[in-house]
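The values are calculated or read from the model by the stated rules, or taken from the named source; none is laboratory data. Treat the numbers as computed from the prediction; the structure is a model and nothing was measured. Cβ placement follows ideal geometry from the backbone for every residue including glycine, while neighbour counts extend to all protein chains displayed. Ligands, DNA and RNA are excluded from the accessible area calculation, which covers all protein heavy atoms including side chains. Shrake-Rupley method; radii C 1.70, N 1.55, O 1.52, S 1.80 Å.
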Amino acid sequence: MRFHVTDGQSITLNSSKSLLIRQLIISFLYNDKILEISNQDADDVKIVYQGLLVLQQNRNRSDFSTIDVKDCGAAERFLMAVAAITPGNWLLTGNARLLKRPILPLISALQSIGADIQSAANGWKIIGKSLTANSLTVDCAQSSQFASAIALISKKVGLEALTTIPSPLPSAPYFAMTQRMMASPSQCQSLQREGDWSTAIFWYAFLAVQTEITSLILNDLRLKTLQGDVIVADIFQHFGIQSEETVNGVRISKNIKAETGNRHLCFDLTNHPDLAPVMAVTALLCGRNVTLNGLQTLNQKESRRLDVLEETLSHFTIVKQRDSRSLEIWGENAVSDVAPIELNTFGDHRIAMAFALLALRYAVTLSDTNCISKSYPAFAGYVC
């Protein structure tokens, strides 16, 4: 795998899929309009868009209409809540891995206010109808998306008080994003698109790891944003990368005065678990000893990410799970070379992007990179 990137190049990012997915659903519910999307948007955005089309076109039908969310956890959780209040009969389904991911706490919360949701062989049968609730409690120990799903329909069901447990929530900034967008649903359709910080981390890591390029411009990225993963800009100061907002986006550049020694670094990713794969690989390739904490939800993602990281990165350095919440990467012990090896990405977009960085130093090939289009279709234009 080779990267086609030059010094100072402007990099195309996908639009923030977290913002755009919420924007699509809010517009559908409160403006009765499905916003347009583009072919360049992430696959997850397209899945939500298609799901909303099914809901729009099949309201009040007596037979079951299928909403296939494939491997998109956000689509399953958010569209389940939307389907529960949309008159009609719905079969919510997805791939085998998705159907094993956590969702029962959300179902329990919806059923407590009268939602008709029943288990089916290949998903969930939902009889959509009008629901009313003044207050509701939802267990979000496994995902903050359960709270976001309820919040998105809150004004439709008259919900005034939503209690979430535990406190604080995992991935709390994502729920905060939903709350801020729901403060004015009518204005959501006019929100300006912006680049995705969960994707931008790849380019921060790329710049930190390789030696020939000193700066890049990440198009449409903003330092002032609703996206919690903007914390990437702070994190990568520890790896010698500084950020500056420009008219076109954010310029990232190597800071030759930055302290990049072997002091053991610790990061709490409770609120930012999607950053863990790239951060683990960055630690390895930069020769830094790093502990990543707050990873208790990582094995519930598109793959068992915590286990995958430990097993795969052990080919290159010392990596240990201290428990189900933490991963230690001893980058200073990284080997200089390995025999050519194919790495299994398990069809997981964030694992594939992280492991692609290993090709900057090692003779690795990846079992699947097409899965990266789930979050970042434009990635294919920078590699061969």
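For residue 214, neighbours were defined as the other residues whose beta-carbon sits under 12 Å from its Cβ, and their charges (Lys and Arg +1, Asp and Glu -1) total 0. For segment 94-229, give the share of DSSP beta bridges that are antiparallel, in percent and rounded to the nearest 5; count only bridges with both residues there. Percent antiparallel among DSSP bridges in segment 94-229 is about 50. Bridges between two residues of the chain, per DSSP, are antiparallel at a rate of about 60%.
Annotation for segment 42-70 versus segment 95-110: alpha-carbon center distance of 17 Å.
Can you give the accessible area per residue of the chain, in Å², using a 1.4 Å probe?
Accessible area per residue, the chain: 41 Å².
Estimated at the nearest 10 Å², the accessible area of residue 252 is 0 Å² with a 1.4 Å probe.
Let me know the volume per residue of the alpha-carbon convex hull for segment 273-367, in Å³. Write out the running numbers ahead of the final one.
Working: hull volume 7.0 nm³, N = 95.
Hull volume over Cα atoms, normalised by residue count, gives 74 Å³.
Less than 5 angstrom separates the built amide H of residue 361 from none of the residues sequence-distant by 5 or more or on a different chain. Along each principal axis, taking the top coordinate minus the bottom one, the Cα set of segment 72-221 gives 59, 36, 30 Å in descending order. Using Cβ point charges alone (K and R +1, D and E -1), the dipole size of segment 204-256 about the Cα centre works out to roughly 60 debye.
So what's segment 148-187 giving for Rg/Rh, alpha carbon basis, Kirkwood Rh from the mean inverse pair distance?
Details: Rg = 10.4 Å, Rh = 10.8 Å.
Rg/Rh: 0.97.
Enclosing the Cα atoms of the chain in their convex hull gives a volume equal to 130 cubic angstrom per residue. Report, in whole Å, the centroid distance computed from the Cα atoms of segment 188-206 and segment 126-156. So the two Cα centres are separated by 27 Å. Structure remark: mean-square fluctuation, Gaussian network model of the chain, C-alpha springs under 10 Å; the largest value among 224, 33, 156 belongs to 224. Across segment 129-215, Cα-Cα pairs farther apart than 21 Å form 48% of the total. By the Cα gyration tensor, segment 1-135 has an equivalent ellipsoid whose semi-axes, rounded to whole angstrom, run 31, 17, 14 from largest to smallest. Principal axis extents of the Cα atoms in segment 19-99, from largest to smallest and rounded to whole angstrom, are 35, 33, 19.
Between segment 72-90 and segment 236-315, the alpha-carbon centres lie 33 Å apart. Helix 73-84 and the longest principal axis of the C-alpha atoms of the chain enclose an angle of approximately 10°. Taking all protein chains together and a 1.4 Å probe, the residues 140, 371, 266 rank 266, 371, 140 from largest to smallest accessible area. Between the Cα long axis of helix 145-157 and the first principal axis of the chain there is an angle of about 30°, rounded to the nearest 10. Report D for segment 174-323 in µm² per second (integer): Stokes-Einstein, Kirkwood Rh on Cα pairs, 20 °C, 1.002 mPa s. It diffuses with D of about 128 µm²/s by this estimate. The heavy atoms of residue 167 offer some 110 square angstrom of accessible surface to a 1.4 angstrom probe. On the basis of the beta-carbon distance and an R0 of 30 Å, residue 38 and residue 116 show a calculated FRET efficiency of 0.25.
From largest accessible area down, sort 350, 193; use a 1.4 Å probe on the protein chains. Please report the intermediate quantities before stating the final value.
Working: 350 15, 193 100 Å².
My answer, sorted largest first, is 193, 350.
Here the simple spin-label model places points 7 Å from the Cα toward Cβ, and for residue 189 and residue 141 these points are separated by 4.1 nm.
Helix 276-285 versus the longest principal axis of the chain: what angle, 0 to 90°, nearest 10, using Cα atoms? The two axes meet at around 0 degrees. You can think of it this way: the chain between residue 321 and residue 31 has 99.7 nm of extra reach, that is 0.36 nm per residue less the Cα-Cα gap.
Please report the carbon-and-sulfur percent of the accessible area for the chain; probe 1.4 Å, protein heavy atoms only, DNA, RNA and ligands left out.
Numbers: 7170 of 15720 Å².
Carbon-and-sulfur percentage of accessible area, whole number: 46.
Result for the chain in a Gaussian network model with C-alpha springs under 10 Å: among 122, 89, 219, the largest mean-square fluctuation is at 122.
How big is the antiparallel share of DSSP beta bridges in segment 232-384, given as a percent to the nearest 5? If you can, show how the numbers build up before the last one.
Details: 14 of 21 bridges.
Counting DSSP beta bridges with both partners in segment 232-384, the antiparallel share is about 65 percent.
Largest accessible area first, the residues 236, 175 order themselves as 175, 236 under a 1.4 Å probe with ligands, DNA and RNA left out. Computed from phi, the 3J(HN,Hα) profile of segment 247-253 under the Karplus parametrisation 6.51, -1.76, 1.60 (θ = phi - 60°) reads 4, 8, x, 10, 8, 10, 8 Hz, with x in place of Gly and Pro.
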